[in-house]
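One structure is given here, and the rest of the page talks about it.
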Amino acid sequence: MAVNAEINVVSLIDVMMLLMIVFMIAAPMMQGGVEVQLPKADVQPLDAKSGLIVSIDRDGRIFVDRTEVSLDELAGSVKSLMAQKRSEGVYVRMDEEARGGVLVRVFATLIAAGIENVGLVGEPTGTRR
C-alpha cells in the first residue's frame, strides 16, 4: 500500500477566504475619525498621515483625532499631540452643515497657540486639471 504524501490545501483555502471576507467587512469600520460631510471643492489629495486631524461636526463640536474637546482645551490638546506624534501640521475637517463661526474660532485658537501650519480639508470634486 502506497502512502499519499500530498498536502490537502482545500481547507487552507477555505480558511484564507473566510479571513479575507472578515477583513473586507471589518476594514471600513476600523477607519478612524469623526463622521463629517466634507464640502466638495477643487482640491488636491493630501497625505493626512503627516498631520494631526481636528474635526468639527455639524453640531459645532470639536474633536482632536476622535476625542471631543472644548475650545479652551483645543490648543493644549493639539500642542501635546503634535509633540507626541511629531506632526508637521494640523488639518481641519469641517462638516459642510456646520456654522462658519466655529471654524474661525478654531483657526484663531490654533494660530494663537503658535501653530503655523494649519489647513482645511475638502472632498475633491474630480474636476482638477
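The values are calculated or read from the model by the stated rules, or taken from the named source; none is laboratory data. What you see is a predicted model, and the numbers here were worked out from it, not measured in a lab. All Cβ positions, even for glycine, are placed from backbone atoms using ideal geometry, and neighbour counts span all protein chains on display.
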Can you tell me which residues in segment 72-89 are part of a loop (DSSP other than H, G, I, E, B) and surrounded by fewer than 18 Cβ atoms within 10 Å (Cβ to Cβ)?
-> Arg86, Glu88
Please name all residue pairs, on different chains or six or more residues apart, with Cβ atoms under 9 Å, provided the first residue is in segment 54-70 and is closer than 11 Å to Asp95 by Cβ and in a strand (DSSP E or B) and the second residue is among the aromatic types (Phe, Trp, Tyr) and modelled with pLDDT of 85 or more.
-> Ser55/Phe63; Ile56/Phe63
Subset of segment 89-99 (residues that are over 15 Å from the mean Cα position of the chain (by Cα) and not small (Gly, Ala, Ser)) | Glu96, Glu97, Arg99
Hits in segment 70-88 (condition: under 18 Å from the mean Cα position of the chain (by Cα) and among the hydrophobic types (A, V, I, L, M, F, W, C)) = Leu74, Val78, Leu81, Met82
When only residues in segment 90-129 that are among the hydrophobic types (A, V, I, L, M, F, W, C) and in a loop (DSSP other than H, G, I, E, B) count, which is surrounded by the fewest Cβ atoms within 10 Å (Cβ to Cβ)?
-> Ala113
Inside segment 80-129, the number of residues satisfying the requirement of being free of Cβ contacts under 8 Å to residues at least 12 places away in the same chain and under 22 Å from Arg66 (Cβ atoms) is 4
